[in-house]
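Engineer: Dropping the structure in here first, questions after.
The values are calculated or read from the model by the stated rules, or taken from the named source; none is laboratory data. Not measured: the values here are computed from a predicted model. All Cβ positions, glycine included, derive from the backbone under ideal geometry; neighbour counts span all protein chains shown.
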Amino acid sequence: MKPPPFHYHAPRTEAEALALLAELAPEEGRILAGGQSLVPAMALRVARPSHLIDINGLPGLDRLEVGDGQLRVGPLVRHAMIRRESVPGPLGALLDKVRGHIAHLPIRTRGTVCGSLANADPASEWCLVAATLGGAMLARSMRGDRMIAAEDFFQGFMTTALEPDELLAGLHLPVLPEGTRWGFHEFSRRAGDYAQAASLAVLEMRAGTIAAARIGIGAVEDRPRRLPEAEALLTNRAPTADLLRQAAAEARATLLPTDDDPTRPALAETVIRRALADAAGIELP
Amino acid sequence: MSTRRIALTVNGTRHEAEAPVRQHLGDFLRGTLGLTGTHLGCEHGVCGACTVLLDGRAIRACLVLAVQAEDRAVTTVEGLAPSPEALHPLQAAFCANHGLQCGFCTPGMLTTLEEFLRDCPDPTEEEVRVAISGNLCRCTGYDSIVAATMEAARAMREAAA
């Protein structure tokens, strides 16, 4: 339960960190942010980076900024820093609710949002949020900056489009307009545990009908994704209990779970139905 | 093995010591500083026994490297009481409510709850249960721990009023 030996670097500037990463990435050099996934993986010896480049001492990386219709989450923003009051409108309420489902209190004070995205666990709540809302990741290296859309970023089980020399320098999420309806549900065996299935639904309503729907599923397939068939079924329809049930059943039929746990499709359908019901403001068991 | 000299404040006292870079803060506190109040259970972030406060926020001492505590302030269970004669209200309530059985989980419970009650001074029992969901008690003494926390929260609210 002790990590294997490694070299430790504590750069003082972002430029220094990127230079170290460019130099050490070929030798299994890794960024250390919150360390709430990487450090246990090292203790269990499933990760053996030869160099750790600790970014915790870098100034200015813990910013949470809103502008141009976007929320920008810096690489040292801890889960616990995501609060309703720090993000305007429905997005703030949505992120606040999601935060409460991430691990436990002492993990949330240390773990980072960007670290979760870079780790890309299929059950990660922030990955589900990024995929459902159409977030974009800012990848930074000595070679420059590039934006990666969520649908391109998540490439499979704990696999992302980040190159070894790239730091995940931010998550950009669209700020949701006032009146946007949303629902989030996850099922886990114990509070704070990994989700068995998680769903986020976001509805844009116009004159009593659903003008646009985004439905995401996490913890079921090898990466979080939207459910276009179910979204299409809801679009331009008035939300009713039957319609939401039908959309959840439709979504279930399109899922390709990564394991053969017989309960997973049913759990997926249930969390999707509950997320939709919350978003539509309909009582649905 | 690669080591670094670090300086940090623990329970108000400045310490300077050598730490192997791969050593986690929990081993440093126990082995180098002799503060064995912090308990190490799973050492991969699951059991919560090693929880301490880093700059006032509850963290897992097994998931933070000792070298990362450079220039930071750590509070362990030894530093919760206001004086050698008095207990922290949580400690007093744990005593009064049989909140410890074997005592192994207690330091992590106390440090986690210390931060929780600062953030949420008037919690429901359900909120307390969720707050300690990352702290495993193998004696399964959760009912008394929850009762102790509710009493401590009341005492702290009354003291602040």
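Engineer: Mind listing whichever residues of the range A:1-19 are under 21 Å from residue A:78 (Cα atoms), within 14 Å of another protein chain (Cβ to nearest Cβ) and either touching a residue at least 60 places away in the same chain (Cβ under 8 Å) or basic (Lys, Arg) (or both)?
Structural biologist: Listed by number, the list holds a single entry, A:12.
Engineer: Report yes if residue A:219 is in the same structural domain as residue A:237 (by TED's automatic domain parsing), on the phi > 0 side of the Ramachandran plot and either of a type in the set (Asp, Glu) or in contact with a Pro (Cβ under 8 Å, 6 or more places away or on another chain) (or both), otherwise no.
Structural biologist: Numbers: in the same structural domain as residue A:237 (by TED's automatic domain parsing): yes; on the phi > 0 side of the Ramachandran plot: yes; either of a type in the set (Asp, Glu) or in contact with a Pro (Cβ under 8 Å, 6 or more places away or on another chain) (or both): yes.
Yes: the conditions hold for residue A:219.
Engineer: For the range A:44-63, indicate whether the set of residues that are of a type in the set (Val, Ile, Thr), out of contact with any strand residue (DSSP E or B) (no Cβ under 7 Å at 6 or more places or on another chain), within 14 Å of chain B (Cβ to nearest Cβ) and part of a helix (DSSP H, G or I) is non-empty.
Structural biologist: If we filter the range A:44-63 for residues that are of a type in the set (Val, Ile, Thr), which is where we start, we get A:46, A:53, A:55.
Still in the running and out of contact with any strand residue (DSSP E or B) (no Cβ under 7 Å at 6 or more places or on another chain): A:46.
Narrowing the set further to residues that are within 14 Å of chain B (Cβ to nearest Cβ) leaves A:46.
Narrowing the set further to residues that are part of a helix (DSSP H, G or I) leaves none.
No - not one qualifying residue is present in the range A:44-63.
Engineer: Further, regarding this structure: Out of all the residues in the range B:44-65, which are farther than 12 Å from residue A:35 by Cβ, at the interface with chain A (Cβ under 7 Å from one of its Cβ atoms) and surrounded by fewer than 24 Cβ atoms within 10 Å (Cβ to Cβ)?
Structural biologist: Scanning the range B:44-65 gives a single hit, B:57.
Engineer: Could you look through the range A:20-41, keep only residues that are over 11 Å from residue A:167 (Cβ atoms) and of a type in the set (A, V, I, L, M), and pick out the one that is nearest to the other protein chains (Cβ to nearest Cβ)? Lay out the reasoning, then the answer.
Structural biologist: Of the range A:20-41, the ones over 11 Å from residue A:167 (Cβ atoms) are A:23-24, A:26-29, A:32, A:34-41.
Those still in the list that are of a type in the set (A, V, I, L, M) too: A:24, A:32, A:38-39, A:41.
Numbers: A:24: 14, A:32: 8, A:38: 9, A:39: 5, A:41: 8 Å.
Applying the filter and picking the extreme gives A:39.
Engineer: Check off (1) within 14 Å of chain A (Cβ to nearest Cβ); (2) closer than 23 Å to residue A:103 by Cα for residue B:4 and give me the number that stays unchecked.
Structural biologist: Result: residue B:4 fails condition (2) only.
Engineer: I've got another one for you. Here are the criteria: (1) under 23 Å from residue A:90 (Cβ atoms); (2) touching a residue at least 40 places away in the same chain (Cβ under 8 Å). Tell me which single one residue A:204 does not satisfy.
Structural biologist: For residue A:204, the failing item is (2).
Engineer: Further question: Out of curiosity, is residue A:50 over 30 Å from residue A:276 (Cα atoms), of a type in the set (S, T, N, Q) and crowded, with 21+ Cβ neighbours inside 10 Å? Please lay out each step first, then the result.
Structural biologist: On the way: over 30 Å from residue A:276 (Cα atoms): yes; of a type in the set (S, T, N, Q): yes; crowded, with 21+ Cβ neighbours inside 10 Å: no.
No; evaluated as a whole, the condition is false for this residue.
Engineer: Output the residues belonging to the range A:102-124 that are closer than 21 Å to residue A:228 by Cβ and either charged (D, E, K, R) or within 14 Å of chain B (Cβ to nearest Cβ) (or both).
Structural biologist: None - no residue of the range A:102-124 is closer than 21 Å to residue A:228 by Cβ and either charged (D, E, K, R) or within 14 Å of chain B (Cβ to nearest Cβ) (or both), so the list stays empty.
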